[in-house]
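Colleague: Dropping a structure here in structure tokens format, bear with me for questions.
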Amino acid sequence: MKKIKKYIILLIISVQFVLFNSDVVYSQQYSEYEVKAGYLYNFIKFVNWPNYSFDNEYAPFVIGIYGDDPFDDILENAFKDRTLYDRKWLLIHYNTLEEINDCNLLFISGVNRTELLKVLDVVKEKSILTIGDNVEDFCELGGIINFTKQNSKNRFEINNEAAMNVKLVISSKLLSLAKIINKNENRF
């Protein structure tokens, strides 16, 4: 019964991805990062941020990318004309640690372990949903969600303890689909 429930929720998330991006519907094949863009959109819908995460009611929902940007224009096209929590959204590419400030979601890709530790240290007390792109030990080191590959399929793991530490609340529906990593080891 529990497996059936997981598959139903995964199916709902997948259908929502297809419906929210009509350009992708007409193509016969989805790229890995078109699928991941859909996951990001749905992760956002299944996570609650504290009110103080936004300067005011009109502040945009800020998605930051640090490291490699494997999406090219996929995120811009997928989120075009969409709102996130009734807010416009803004995509920012960060090139240095000093630039990382008040984003709501930070996608981290193509960084080495030393740099990852520095990034996680910069955001450790901020209500930022950190998402790794198949980054080794991402959740064990304090990241919140990490894309992984299992039998050539995209999967994800979640460190719910790290999310709670920064006052992010992840829906039990999303948690039920993930491999849970509740380790927030000393990173130094």
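Please treat every number below as a calculation from the coordinates, not as lab data. Here the structure is a predicted model, which is why all the values come from computation and not from measurement. FYI the Cβ positions are ideal-geometry reconstructions off the backbone, even for glycines, and counts take in every protein chain you see.
Colleague: In segment 147-159, what residues are crowded, with 20+ Cβ neighbours inside 10 Å and among the polar types (S, T, N, Q)?
Modeller: Asn159
Colleague: Going by the structure shown, is Glu125 surrounded by 15 or more Cβ atoms within 10 Å (Cβ to Cβ), touching a residue at least 40 places away in the same chain (Cβ under 8 Å) and in a loop (DSSP other than H, G, I, E, B)?
Modeller: On the way: surrounded by 15 or more Cβ atoms within 10 Å (Cβ to Cβ): no; touching a residue at least 40 places away in the same chain (Cβ under 8 Å): yes; in a loop (DSSP other than H, G, I, E, B): yes.
Against the criterion (surrounded by 15 or more Cβ atoms within 10 Å (Cβ to Cβ), touching a residue at least 40 places away in the same chain (Cβ under 8 Å) and in a loop (DSSP other than H, G, I, E, B)), Glu125 does not qualify.
Colleague: Is there a residue being surrounded by fewer than 18 Cβ atoms within 10 Å (Cβ to Cβ), under 21 Å from Trp49 (Cα atoms) and β-branched (Val, Ile, Thr) anywhere in segment 139-146? Before the answer, list the steps.
Modeller: We begin by selecting, within segment 139-146, every residue surrounded by fewer than 18 Cβ atoms within 10 Å (Cβ to Cβ); these are 140.
Keeping just the survivors that are under 21 Å from Trp49 (Cα atoms) gives none.
Taking every residue of segment 139-146 in turn, none turns out to be surrounded by fewer than 18 Cβ atoms within 10 Å (Cβ to Cβ), under 21 Å from Trp49 (Cα atoms) and β-branched (Val, Ile, Thr).
Colleague: Let me ask you something else. If only one of Ala59, Ala78 is of a type in the set (A, V, I, L, M, F, W, C) and loosely packed, with under 15 Cβ neighbours inside 10 Å, which one is it?
Modeller: On the way: Ala78 fails: loosely packed, with under 15 Cβ neighbours inside 10 Å.
Within the list Ala59, Ala78, the selection yields Ala59.
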